[in-house]
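Participant: Let me begin by handing over the structure; questions about it come next.
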Amino acid sequence: MAMGNSHFFTFILRRLLQAIPVLVMIVAATFLLLKLAPGDTVDALAGSLGGADPVFMANLRVEYGLDQPVWVQLWRYLMHMATFDLGWSHTYERPVLGILVERLGNTLLLMLPALFLAFTLGGVLGTIAGRRIHTFTDNVISTVGLIFYSTPGFFLSLIFILVFAVRLSWLPSGGIETIGSGYVGWQRVADIGSHLVLPVISLSLIYMAIYLRLMRTSVIEVSDLDYVRTARAKGASELRITLHHIVRNALLPVVTLLSLQVASTLGGAAVVETIFSLPGLGLLSYDAVVQRDLNLLMGVIFFCAILVLLINIATDILYSYLDSRIELK
């Protein structure tokens, strides 16, 4: 990394401070967009009760502050958010922050291994295909990538459940752990891991195909550059040329795509979590939309925005490691 530790921490601090106004704009824009949708929390509560007296509904709106102008509601929400008070969920009858903290771990257990597997497997297969262009190996890898790229995530998840959970009974079909098992320690870890195998593979294979195609193209382009030919002329081995000269530089656009796809990965995780009944942020956002729980939905969006911004900072750091010409300023 082309900088000292003090400069590194200064960079991290500066990026975190720059992220604050971005978060505020995201929250404000989302809040205003949700207010344009028909109905509100009180309407959802009345619907769940099968109807309510107009006077009772008016009193509830006063209690929730929904009788105030939109800009007043937004200001109050931002002030509460500054202290990490994300409000009360009428669906779960609990503070939103506590619910999000519980569910965030499950989403990270799904999303981070899926991204790592997709990035690693896609990078390796893309490198092999790019170094053996127009051969049988390249054709097989490219065909497999195209199949997974064109397969919808929900269909792939259902196929995996049918084959590995229903037909073969090798893995659980859903949930995060076996209910009532009483497992503790490593037994519980193994149980949770077995429940995550199918969701992680389902989510990773789709994005693996994207990274594979991009890495293959990038490897082909980098292989024709002057410094690669110079290294070969100096007698460097093909393994060293591939790992040190080609892969390291070919990874730059793939890393860029990885940072840009975090948000879409969260969307894909929502589908996978719904199919496999994983209690994560994706399934939570689905419940929040159905129940018109705006505080809960805003909290999910807020947490997802923080996650995306943190991964973008991590991407900048990784860029500096891959290319010594790039400095963190």
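Participant: If only one of S277, S237 is open to solvent by 30 Å² or more (accessible area, probe 1.4 Å) and over 30 Å from G98 (Cβ atoms), which one is it?
Facilitator: S237
Participant: Closer than 27 Å to L309 by Cα and either open to solvent by 20 Å² or more (accessible area, probe 1.4 Å) or modelled with pLDDT of 80 or more (or both): does that describe L146?
Facilitator: Taking the combined requirement at face value, the residue does not satisfy it.
Participant: A further question follows. Which one of these is surrounded by 15 or more Cβ atoms within 10 Å (Cβ to Cβ), of a type in the set (A, V, I, L, M, F, W, C) and in contact with a Leu (Cβ under 8 Å, 6 or more places away or on another chain): L104, L117?
Facilitator: L104
Participant: Sticking with this structure for a sec: Among what's in the range 8-41 and is at pLDDT 70 or above and more than 26 Å from the chain's Cα centre (by Cα), pick the residue that is most open to solvent (accessible area, probe 1.4 Å).
Facilitator: Per the stated criteria, the residue is L36.
Participant: Starting from the range 94-105, keep only residues that are closer than 18 Å to G175 by Cβ, then list their pairs with residues that are among the hydrophobic types (A, V, I, L, M, F, W, C) and surrounded by 13 or more Cβ atoms within 10 Å (Cβ to Cβ) whose Cβ atoms are within a distance under 6 Å, requiring at least 6 positions of separation or different chains.
Facilitator: As it stands, the answer is R103/L281; R103/L284, since those pairs meet every condition given.
Participant: Across the range 284-297, which residue is surrounded by the most Cβ atoms within 10 Å (Cβ to Cβ) among those that are under 18 Å from A269 (Cα atoms) and in contact with a helix residue (DSSP H, G or I) (Cβ under 7 Å, 6 or more places away or on another chain)?
Facilitator: Start the filter on the range 284-297 by keeping residues that are under 18 Å from A269 (Cα atoms), which leaves 284-290, 296-297.
Checking which are in contact with a helix residue (DSSP H, G or I) (Cβ under 7 Å, 6 or more places away or on another chain) leaves us with 284-286, 288-289, 296-297.
Working: L284: 29, S285: 25, Y286: 16, A288: 24, V289: 15, L296: 27, L297: 21.
Per the stated criteria, the residue is L284.
Participant: Separate question: Can you tell which of T91, T120, T83 is at pLDDT 85 or above and of a type in the set (S, T, N, Q)?
Facilitator: T120
Participant: Checking the conditions here, which among R132, R167 is free of Cβ contacts under 8 Å to residues at least 24 places away in the same chain, touching a helix residue (DSSP H, G or I) at 6+ places or on another chain (Cβ under 6 Å) and open to solvent by 70 Å² or more (accessible area, probe 1.4 Å)?
Facilitator: Just a single option satisfies the conditions, and that option is R132.
Participant: Select from the range 79-124 the residues that are of a type in the set (V, I, T) and out of contact with any helix residue (DSSP H, G or I) (no Cβ under 8 Å at 6 or more places or on another chain) and write down the one among them that is nearest to A305 (Cα to Cα).
Facilitator: In this case the residue turns out to be V101.
Participant: Which one is nearest to the chain's Cα centre (by Cα), of the residues in the range 265-319 that are among the polar types (S, T, N, Q) and more than 19 Å from Q18 (Cα to Cα)? I'd like the intermediate steps shown before the answer.
Facilitator: Step one: filter the range 265-319 for residues among the polar types (S, T, N, Q), giving 265, 274, 277, 285, 291, 295, 312, 315.
Keeping just the survivors that are more than 19 Å from Q18 (Cα to Cα) gives 265, 274, 277, 285, 291, 295.
On the way: T265: 4, T274: 15, S277: 17, S285: 13, Q291: 23, N295: 21 Å.
Here the residue is T265.
Participant: Of all residues in the range 170-190 being under 15 Å from G105 (Cβ atoms) and without any contact (Cβ under 8 Å) to a residue 40 or more places away in the chain, which is surrounded by the most Cβ atoms within 10 Å (Cβ to Cβ)?
Facilitator: Filtering first and then ranking leaves E177.
Participant: Using the structure shown, decide if A231 is open to solvent by less than 60 Å² (accessible area, probe 1.4 Å), of a type in the set (G, A, S), within 21 Å of L252 (Cβ to Cβ) and under 19 Å from the mean Cα position of the chain (by Cα).
Facilitator: Here the answer is no, as A231 does not meet what is asked.
Participant: Grab the helices (runs of 4 or more DSSP H) fully contained in the range 189-303, keeping just those with 2 or more residues being modelled with pLDDT under 80, in contact with a Gly (Cβ under 9 Å, 6 or more places away or on another chain) and under 29 Å from I179 (Cα atoms).
Facilitator: Counting at least 2 such residues, we get 262-276.
Participant: So which residues in the range 201-258 are basic (K, R) and farther than 20 Å from R132 by Cα, if there are any at all?
Facilitator: K234
Participant: What are the residues in the range 92-101 that are open to solvent by 70 Å² or more (accessible area, probe 1.4 Å) and β-branched (V, I, T), if any?
Facilitator: V101
The values are calculated or read from the model by the stated rules, or taken from the named source; none is laboratory data. Computed from a prediction, not measured in an experiment: that's the story for all the values here. Glycine also receives a Cβ, built like all others from the backbone with ideal geometry; neighbour counts cover every protein chain displayed. Calculation scope for accessible area: heavy atoms of the full protein, side chains included, ligands and nucleic acids excluded. Shrake-Rupley method; radii C 1.70, N 1.55, O 1.52, S 1.80 Å.
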